[in-house]
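Working notes, structure below.
The values are calculated or read from the model by the stated rules, or taken from the named source; none is laboratory data. This is a predicted model, so every value here is computed, not measured. Cβ placement follows ideal geometry from the backbone for every residue including glycine, while neighbour counts extend to all protein chains displayed.
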Amino acid sequence: MQIKNQADFDQFAKTAGVAVLKVSATFCGPCKQFKPIFDQVAAELAREDGSVRFGEVEVDTLPEPITEMAGVRNVPALIIYADGQETERRTGIVAAPQLGQLVRDAIFDAIG
């Protein structure tokens, strides 16, 4: 899901389940390197019922300051939310196995 405004962000991050948000910029080289990794893990772990969802924010194309509200100062950034609460934050490129484990841990913690 591409996050384009505050309403998208609220619906994505603040609802039940696990939400994995990638914050990047079109001008950022490491962001471009991280995209296929993020997309691969999203394809493997996203659930059609929305209980595990992946979204992206491009900071240089947003009309609203979502990145300020989320406290993002550097890109690429990865933020994981569980049931509307931030549970994990990473800056920089995260390898696919590590990203997958972070998401699986968040799913496990959310379940119980």
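Search the range 18-46 for residues being touching a residue at least 24 places away in the same chain (Cβ under 8 Å) and farther than 22 Å from Val72 by Cα, and hand back the single one that is surrounded by the fewest Cβ atoms within 10 Å (Cβ to Cβ). For the range 18-46, the residue satisfying everything is Glu44. Only one of Ala43, Ala19 is closer than 21 Å to Leu102 by Cα, at pLDDT 95 or above and within 12 Å of the chain's Cα centre (by Cα); which? Answer to the selection: Ala19. Inspection of the range 82-104 identifies at least one residue that is in a loop (DSSP other than H, G, I, E, B) and at pLDDT below 95. Taking first residues from the range 79-94 that are among the polar types (S, T, N, Q) and partners that are in a strand (DSSP E or B), the Cβ contacts under 6 Å between residues at least 6 apart in sequence or on separate chains come to Thr87/Ile80; Thr91/Ala77.
Say whether the condition of being at pLDDT 95 or above and closer than 19 Å to Ile107 by Cα is met by at least one residue in the range 62-76. The answer is no; no qualifying residue exists. When you check Asp39 against the structure, is it more than 19 Å from Asp105 (Cα to Cα) and acidic (Asp, Glu), yes or no? Against the criterion (more than 19 Å from Asp105 (Cα to Cα) and acidic (Asp, Glu)), Asp39 does not qualify.
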